[in-house]
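Asks: Handing you this structure, nothing more for now.
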Amino acid sequence: MSEVKISAATRSEFGKGAARRIRREDKVPGVLYGHGSDPLHLTLPGHDLLMALRTPNVLIALDIDGKTELAIPKSVQRDPLKGFLEHVDLLLVKRGEQVTVEIPVHTEGELAPGAFLLEHVLNALPVEAEATHIPESVTVSIEGLAAGDSILAKDITLPKGTTLAVEEDTVVLQVLAAQAEEAPEGEEAEGDEAAEA
């Protein structure tokens, strides 16, 4: 897992007005907390942070007034319409420390022939890993699975040093039989009449 270096500045202004001013400068307000220390209010460069957050559970090396702190994103707030970053909460971590995070679950392969649907019961798998070695994702083979088959958390091969942070018997993926929708009889007749007109 790679580290992304970002320069951050401490901030002393709070509230909506201050946050708007920060965003107008293409920066993002954020809070760094953890390890029992007081929360540290920061201003982060918007574009750099946006690029870093493209990697799930990215490890960020924050340069704060000449001192480097390691952090992972804990909560990211985006504008619901435009998608820009509004606020970020960062969790302070130390090398060698175990952290609990959720990693994306990707699939490979094809389901068995037939009308089957793959349901992602969990889109992300809760795991515990060393803060500087968090896996970006896990990949699961769904080759040949049919209706009624499922993949449990314990069936997923995790990278070395990573353990499950969820019950082993938790269903992660399951295959369902596709349900054919039948239109009510009255609707078909109306559709035919509309086509004739």
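Asks: Quick one: compute the contact order of the chain, relative version, from alpha carbon pairs under 8 angstrom and 6+ residues apart, as a percent.
Replies: Details: 387 pairs, mean separation 34.0, N = 197.
Contact order relative to length: 17 percent.
Asks: Is any residue of the range 125-153 close enough, with backbone N under 19 Å, to a label point placed 7 angstrom from the Cα of Glu168 along the Cα-Cβ axis, and if so, which?
Replies: Within reach of a label on Glu168: 125-129, 150-153.
Asks: Here's a follow-up. Picking from Glu128, Glu119, Glu102, which is most flexible by a Gaussian network model of the chain using Cα springs under 10 Å?
Replies: Highest fluctuation of the listed residues: Glu119.
Asks: Any idea what the dipole of the chain comes to, in debye rounded to 20, about its Cα centre with Lys/Arg Cβ at +1 and Asp/Glu Cβ at -1? Could the numbers behind the result be given before it?
Replies: Values: 17 positive and 35 negative charges, 455 e Å.
Roughly 2180 debye, rounded to the nearest 20.
Asks: Now, a different point. So which residue, out of Val138, Val121, Val28, gets the largest mean-square fluctuation from a GNM of the chain using Cα contacts under 10 Å as springs?
Replies: Val121
Asks: If you take every DSSP beta bridge fully contained in the range 1-139, what fraction is antiparallel? Give it as a percent rounded to 5.
Replies: Looking only at bridges with both residues in the range 1-139, the antiparallel portion is about 70 percent.
Asks: Give the relative contact order (percent, whole number) for the range 1-105; include only Cα pairs under 8 Å separated by 6+ residues.
Replies: 29
Asks: Could you calculate the FRET efficiency of Glu97 with Asp155 from 1/(1 + (r/R0)^6), where r is the beta carbon distance between them and R0 is 30 Å, rounded to 0.05?
Replies: On the way: r = 28 Å, r/R0 = 0.93.
Between Glu97 and Asp155 the formula returns 0.60.
Asks: Another question about this same structure. When only the heavy atoms of the protein chains count and the probe is 1.4 Å, how do Leu176, Leu32, Leu117, Leu111 rank by accessible area, highest first?
Replies: Leu117, Leu176, Leu111, Leu32
Asks: Moving on. By what distance, in whole Å, do the Cα atoms of the chain stretch along each of the three principal axes, largest value first?
Replies: Answer, in whole Å and largest first: 72, 51, 24 Å.
Asks: Shifting gears a bit: Calculate what fraction, in whole %, of the accessible area of the chain sits on carbon and sulfur atoms when a 1.4 Å probe is rolled over the protein chains.
Replies: Answer for the chain: carbon and sulfur cover 48 percent of the accessible area.
Asks: Find out how many positive minus negative residues lie around Ala153, taking Lys and Arg as positive, Asp and Glu as negative, among other residues whose Cβ is under 9 Å from that of Ala153.
Replies: My count for the surroundings of Ala153 gives -3.
Asks: Next question. Where does the chain land at 222 nm, in deg cm²/dmol rounded to the nearest 500, when only DSSP H runs of n ≥ 4 count, each adding -39500 (n - 2.57), divided by all residues?
Replies: -4000 deg cm²/dmol
Asks: Please give the Cα centre distance for the range 137-175 versus the range 1-80, rounded to the nearest Å.
Replies: Measuring centre to centre over Cα atoms gives 33 Å.
Asks: If you don't mind, there's one more thing I want to ask. Considering only protein heavy atoms, what per residue accessible area in square angstrom results for the chain with a 1.4 angstrom probe?
Replies: Numbers: 12030 Å² over 197 residues.
On a per-residue basis, the chain sits at 61 Å².
Asks: Report the residue, chosen from Gly46, Gly161, Gly66, that carries the largest GNM mean-square fluctuation when the chain is represented by alpha-carbon nodes joined by springs under 10 Å.
Replies: Gly66
Asks: Next question. Helix 185-196 against the longest principal axis of the chain: what's the angle in degrees, Cα atoms only, rounded to the nearest 10?
Replies: It is inclined by approximately 90 degrees.
The values are calculated or read from the model by the stated rules, or taken from the named source; none is laboratory data. What you see is a predicted model, and the numbers here were worked out from it, not measured in a lab. FYI the Cβ positions are ideal-geometry reconstructions off the backbone, even for glycines, and counts take in every protein chain you see. Keep in mind that these areas ignore ligands, DNA and RNA; they rest on the heavy atoms of the full protein, side chains included. Shrake-Rupley method; radii C 1.70, N 1.55, O 1.52, S 1.80 Å.
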